[in-house]
1. From the list 54, 65, which residue is in contact with a Leu (Cβ under 9 Å, 6 or more places away or on another chain), more than 16 Å from residue 15 (Cα to Cα) and not small (Gly, Ala, Ser)?
2. Kindly state which helices (runs of 4 or more DSSP H) lie completely within the stretch 124-221 and contain at least 3 residues that are modelled with pLDDT of 95 or more and either out of contact with any His (no Cβ under 8 Å at 6 or more places or on another chain) or within 15 Å of residue 114 (Cα to Cα) (or both).
3. All but one of (1) closer than 19 Å to residue 34 by Cβ; (2) touching a residue at least 12 places away in the same chain (Cβ under 8 Å) hold for residue 209; which doesn't?
4. Hey, does the stretch 158-167 have a residue that's open to solvent by less than 10 Å² (accessible area, probe 1.4 Å), over 15 Å from the mean Cα position of the chain (by Cα) and either under 20 Å from residue 96 (Cα atoms) or free of Cβ contacts under 8 Å to residues at least 12 places away in the same chain (or both)?
5. Filter the stretch 61-100 down to the residues that are modelled with pLDDT of 95 or more, among the hydrophobic types (A, V, I, L, M, F, W, C) and within 18 Å of the chain's Cα centre (by Cα) and list them by number.
6. Would you check which residues across the stretch 53-71 are open to solvent by less than 40 Å² (accessible area, probe 1.4 Å), in contact (Cβ under 8 Å) with a residue 24 or more places away in the chain and touching a strand residue (DSSP E or B) at 6+ places or on another chain (Cβ under 6 Å) and list them?
7. Cβ-Cβ distance below 6 Å, separation of 6 or more or different chains: which pairs start in the stretch 11-29 with a residue that is in contact (Cβ under 8 Å) with a residue 40 or more places away in the chain and end on one that is in a loop (DSSP other than H, G, I, E, B) and open to solvent by less than 10 Å² (accessible area, probe 1.4 Å)?
8. When the residues of the stretch 107-141 are narrowed to those that are touching a residue at least 60 places away in the same chain (Cβ under 8 Å) and open to solvent by 10 Å² or more (accessible area, probe 1.4 Å), which ends up nearest to residue 218 (Cα to Cα)?
Amino acid sequence: MPLPTVDIETAPQPRHAVIWLHGLGADGHDFEPIVPELVARDWPPLRFVFPHAPVRPVTINGGMPMRAWYDIAGTAIADRQDETGLRASFGELDALIEREIERGIAPASILLAGFSQGAAVALAGGLRQRRRLAGIVGLSGYLPLMATLPAEAAADNRDTPIFLAHGSADPIVPEGLGTMSRDFLRQHGYTVDWHSYPMAHQVCAEEIADLRAWIGRRLAA
């Protein structure tokens with residue numbers, strides 16, 4: 001059964017969907033306010049799907065239970081990666097995609113997006129997804145399980161457009177992790193639209209404007 005979600009439809013009978021994964025300790029309501037800022041007037045009807053991650057103990061926060069897509073062992077967040085938790089979240093993401101297909105959205109009309117931890121799952125899970133997607137958005141995140149991606153990547157998503165954005169002063173997910181992910185993906189033939197902004201671990205107005213333009217091109221394709 002798919003995770004509980006917050007669903008927002010910009011107009012009746014949407015034929016496009018955006019599945020947006022929140023960051024560590026947040027929930028599906030976190031990015032609800034972005035919808036009116038992000039959506040352009042001339043876009044076709046969209047369904048935004050904001051799932052709530054499962055509650056689990058998070059090691060870096062003293063084992064405190066919170067909503068998280070996977071465990072984080074320490075401040076070097078790309079080290080000692082929680083492969084079991086990540087792969088479970090890839091399965092949760094697949095279930096959300098299947099639900100949108102059952103609700104009448106074609107796979108090629110589904111965009112995946114995420115912030116921080118959510119970006120990591122959207123990126124790594126999306127590139128392993130066996131159905132061709134409209135695009136993948138990663139904000140202030142990185143690509144986990146990098147070593148196994150070349151063998152596990154789905155052929156149908158080899159040319160799926162990717163939007164990556166990061167804050168140059170991010171103290172939580174250093175921009176270096178973002179650029180390393182960007183470079184790895186480009187080296188393996190993926191098309192990555194990269195954006196850097198003078199900000200910390202957050203989202204800014206310029207980033208939303210750039211993302212709006214990028215999504216608009218996907219919707220017109």
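The values are calculated or read from the model by the stated rules, or taken from the named source; none is laboratory data. Since this is a predicted model, take the numbers as computed values, not measurements. Note: ideal-geometry Cβ built from the backbone for every residue, glycine included; neighbour counts use all protein chains shown. In case anyone asks, the SASA skips ligands and DNA or RNA and just uses the protein heavy atoms, side chains included. Shrake-Rupley method; radii C 1.70, N 1.55, O 1.52, S 1.80 Å.
1. Step by step, each of 54, 65 is checked, and only 54 is in contact with a Leu (Cβ under 9 Å, 6 or more places away or on another chain), more than 16 Å from residue 15 (Cα to Cα) and not small (Gly, Ala, Ser).
2. Ranges flagged: 175-187, 205-220.
3. (2) is the only condition that residue 209 fails.
4. no
5. Result: 68, 69, 86, 88, 90, 93, 95, 96, 97.
6. If the condition is that a residue be open to solvent by less than 40 Å² (accessible area, probe 1.4 Å), in contact (Cβ under 8 Å) with a residue 24 or more places away in the chain and touching a strand residue (DSSP E or B) at 6+ places or on another chain (Cβ under 6 Å), then 53, 58, 66, 68 are the ones that fit.
7. 17/105; 24/68
8. Across the stretch 107-141, the extreme among qualifying residues is 134.
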